[in-house]
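Note sheet for the following structure.
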Amino acid sequence: MTYLYHIFVGSCLIVFQTVVLPCFPFSDSFYDILVPFIIYLASYRPIRESIPIAILLGIIVDSFSGSYFGVYITTYTWLAISMRWISTLIHLDNYVLLPLIIVIGVLIENVILFLAIMIANPDFQFSAPLMGVIATQIFWVICTGPFVLIIFTKIFTFLKMEQE
């Protein structure tokens with residue numbers, strides 16, 4: 001049942017990011033909304049739930065995006081593995097560290113995406129506008145990321161209490 005819940009939430013986030021978010025003027029520099037969800041899964045759920053859902057969501061995003069196939073599978077899998085490791089080192093109930101955790105997740109995603117672009121296009125160079133987009137993503141992550149993570153936690157806690 002929890003797998004269906006995670007697939008449903010991930011699918012809703014994909015639809016939100018591809019249908020609703022482009023209606024806003026800031027959408028071109030907004031971070032991938034699935035990053036906080038993958039961080040939530042890797043940090044608060046067992047590994048037998050987080051890794052398969054991260055891989056499945058990566059397959060779905062790879063299928064719908066225009067990027068090279070496998071980039072998002074790799075990104076979400078490494079994000080889940082690294083956040084699982086980070087969650088063993090820090091106390092996850094500390095709401096001061098939540099923005100830092102999500103910023104690290106967005107940076108991991110950007111590094112993997114840029115590595116894929118550099119492998120495919122050796123002439124690719126970093127530019128000031130590209131760094132501006134990353135800075136804007138970090139701004140949005142700091143402003144909205146912890147609230148999104150808290151919402152995921154509260155919804156799952158509510159659903160768990162309803163099942164028992």
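The values are calculated or read from the model by the stated rules, or taken from the named source; none is laboratory data. As the structure is a prediction and not an experimental result, all values here were calculated from the model. Glycine also receives a Cβ, built like all others from the backbone with ideal geometry; neighbour counts cover every protein chain displayed.
Quick notes
- Residue within the stretch 29-46 that is of a type in the set (D, E, K, R) and in a helix (DSSP H, G or I) present: no
- The set of residues from the stretch 23-42 being polar (S, T, N, Q) and either buried (at least 22 other Cβ atoms within 10 Å of the Cβ) or over 26 Å from Y95 (Cβ atoms) (or both) comprises just one member, S27.
- Scanning the stretch 10-22 for any residue that is under 14 Å from the mean Cα position of the chain (by Cα), assigned to a helix (DSSP H, G or I), surrounded by fewer than 17 Cβ atoms within 10 Å (Cβ to Cβ) and touching a residue at least 40 places away in the same chain (Cβ under 8 Å) turns up at least one such residue.
- Members of the stretch 47-89 found to be surrounded by fewer than 17 Cβ atoms within 10 Å (Cβ to Cβ), in a helix (DSSP H, G or I) and free of Cβ contacts under 8 Å to residues at least 12 places away in the same chain, listed by number: R48, S63, W85, T88, L89
- Check on V106, closer than 20 Å to R45 by Cα, in contact (Cβ under 8 Å) with a residue 24 or more places away in the chain, in contact with a helix residue (DSSP H, G or I) (Cβ under 8 Å, 6 or more places away or on another chain) and surrounded by 10 or more Cβ atoms within 10 Å (Cβ to Cβ): yes
- Among the conditions (1) farther than 19 Å from H6 by Cα; (2) without any contact (Cβ under 8 Å) to a residue 40 or more places away in the chain; (3) surrounded by 11 or more Cβ atoms within 10 Å (Cβ to Cβ); (4) out of contact with any helix residue (DSSP H, G or I) (no Cβ under 6 Å at 6 or more places or on another chain), the only one that T157 does not satisfy is (1).
- Within the stretch 121-154, being at pLDDT below 85, farther than 19 Å from Y76 by Cα, surrounded by 11 or more Cβ atoms within 10 Å (Cβ to Cβ) and of a type in the set (A, V, I, L, M) holds for L130, I150.
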